[in-house]
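Before any comments, here is the structure.
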Amino acid sequence: MCGNNMSVPLLTDAVTVPGLERETAAVIFLHGLGDSGHGWAEALSGIRLPYVKYICPHAPRIPVTLNMKMVMPAWFDLMGLSPDAPEDEAGIKKAAESIKSIIEHEVKNGIPANRIILGGFSQGGALSLYTALTCQHKLAGVVGLSCWLPLHKTFPQASSNSHKEISILQCHGEADPMIPVRFGTLTSEKLKSLVSPSKVQFKSYPGVMHSTSPEEMAVVKDFMEKMLPRV
């Protein structure tokens with residue numbers, strides 16, 4: 001795979017787990033607020049498929065209103081965590097364009113869009129859902145862990161026509177104190193109004209807080225194997 005990463009800022013220092021054989025698919029996975037791509041690269045290595053490349057970019061460091069304007073890795077500003085909290089519309093759209101530039105880079109370098117899964121945890125999952133639904137390409141699928149749909153009131157108008165049949169896996173801990181599971185179920189209902197309802201899976205996990213579990217990661221692996229079969 002050739003190509004100049006310099007033209008895609010998020011790729012220059014992203015953590016990439018290369019395929020163990022010829023790469024025919026890619027997973028782009030976005031971390032949560034205050035985190036980095038390293039932990040998710042490690043987690044995905046544990047469920048990797050040998051023909052898939054995993055790309056875990058780092059969010060830029062910006063002041064976050066929710067955390068008293070502290071500067072930290074964040075895909076966009078957060079003002080609150082309730083469904084009706086004000087949102088950083090410009091920041092969300094800018095972040096989505098940054099992720100779309102990674103998708104474009106992979107497509108130009110030989111990985112078809114329908115062989116790319118976009119996923120993320122918490123704020124990264126939120127950005128993944130928004131990006132996939134507004135992307136001109138139909139992706140293989142989206143994984144949203146412990147997250148929500150940003151700018152939900154702008155849909156369906158904001159949707160790209162290419163997403164109607166996209167497969168979405170949502171997972172959420174039932175004991176999540178940060179983003180209550182109710183927000184996840186509300187998001188799932190919204191998603192079912194935007195794509196074919198049969199394409200949306202929502203799975204919740206008793207006792208799991210704002211984190212993942214081995215059971216959840218096994219479901220993520222199954223989803224990735226189904227959406228990115230060996231070719």
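Can you compute log10 of I(q)/I(0) for region 77-211 with the Debye formula, treating each Cα as one identical point scatterer, at q = 0.20 Å⁻¹? Listed by q, the Debye log ratios stand at -1.18. Over region 73-189, what is the percentage of antiparallel beta bridges among all DSSP beta bridges, to the nearest 5? Bridges in region 73-189 that DSSP calls antiparallel: roughly 10 percent.
Taking label points 7 Å from Cα along the Cα-to-Cβ direction, ASN109 and GLN157 give a separation of 3.7 nm. Think of each Lys and Arg Cβ as +1 and each Asp and Glu Cβ as -1; about the Cα centre, that makes the dipole of region 1-94 roughly 240 debye.
Extension gain, SER101-LYS203: 0.36 nm per intervening residue step, less the Cα-Cα distance, totals 33.7 nm.
With K and R counted +1 and D and E -1, the other residues having a Cβ less than 15 Å from that of SER36 yield a net charge of -2.
Computed with a 1.4 Å probe over protein heavy atoms only, the accessible surface of the chain comes to 43 Å² per residue.
If the segment from MET70 to GLU189 were pulled out straight at 0.36 nm per residue, it would be longer than the present Cα-Cα gap by 39.5 nm.
Which of rounded, prolate, oblate describes region 105-149, given a ≥ b ≥ c as roots of the alpha-carbon gyration tensor eigenvalues and a/c under 1.5 marking rounded, otherwise prolate only if a/b is larger than b/c? Prolate is the answer for region 105-149, as a/c is 1.5 or above and a/b outweighs b/c. Modelled this way, with points 7 Å down the Cα-to-C-beta line, the labels at ARG230 and THR12 are 3.9 nm from one another. Each other residue within a Cβ distance under 14 Å of ARG61 adds +1 if Lys or Arg and -1 if Asp or Glu, for a net charge of -2.
The base-10 log of I(q)/I(0) for region 71-135, evaluated at q = 0.15, 0.22, 0.24, 0.26 Å⁻¹, reads -0.50, -0.94, -1.07, -1.20 [Debye formula, identical scatterers on Cα atoms, solvent excluded].
Taken as entire DSSP H runs, the helices of the chain that both span 15 Å or more between Cα atoms along their own long axis and average 0.5 or more on the Kyte-Doolittle scale are 123-134.
Accessible surface of the chain, 1.4 Å probe: 56 percent of it comes from carbon and sulfur atoms. Its Cα centre serving as origin, the chain has a Cβ charge dipole (Lys and Arg +1, Asp and Glu -1) of approximately 540 debye. Taking the Cβ of PRO18 as the center, what net charge do the other residues with Cβ under 14 Å away carry, scoring Lys and Arg +1 and Asp and Glu -1? After counting each charged neighbour, the total is 0. Each Cα pair of the chain feeds into the Kirkwood radius, which the Stokes-Einstein equation turns, at 37 °C and 0.692 mPa s, into a diffusion coefficient of 189 µm²/s. When the helices of the chain are scored as -39500 (n - 2.57) per DSSP H run of n ≥ 4 and the total is divided over every residue, the value at 222 nm lands at -10000 deg cm²/dmol. With the convex hull drawn over the C-alpha atoms of region 1-93, the volume per residue is 121 Å³. Packing, taken as the mean count of other beta carbons within 10 Å per residue, orders the peptides 17-23, 32-38, 176-182 from highest to lowest as 32-38, 176-182, 17-23.
Summarising the label geometry, the points placed 7 Å from Cα in the beta-carbon direction at GLU215 and ARG22 lie 4.0 nm from one another.
The values are calculated or read from the model by the stated rules, or taken from the named source; none is laboratory data. Remember, predicted model here, so these are calculated numbers, not experimental data. Quick reminder, even Gly has a Cβ in these numbers, built from the backbone with ideal geometry, and neighbours come from all protein chains shown. These area figures cover heavy atoms from the full protein model, side chains too; ligands, DNA and RNA do not enter into them. Shrake-Rupley method; radii C 1.70, N 1.55, O 1.52, S 1.80 Å.
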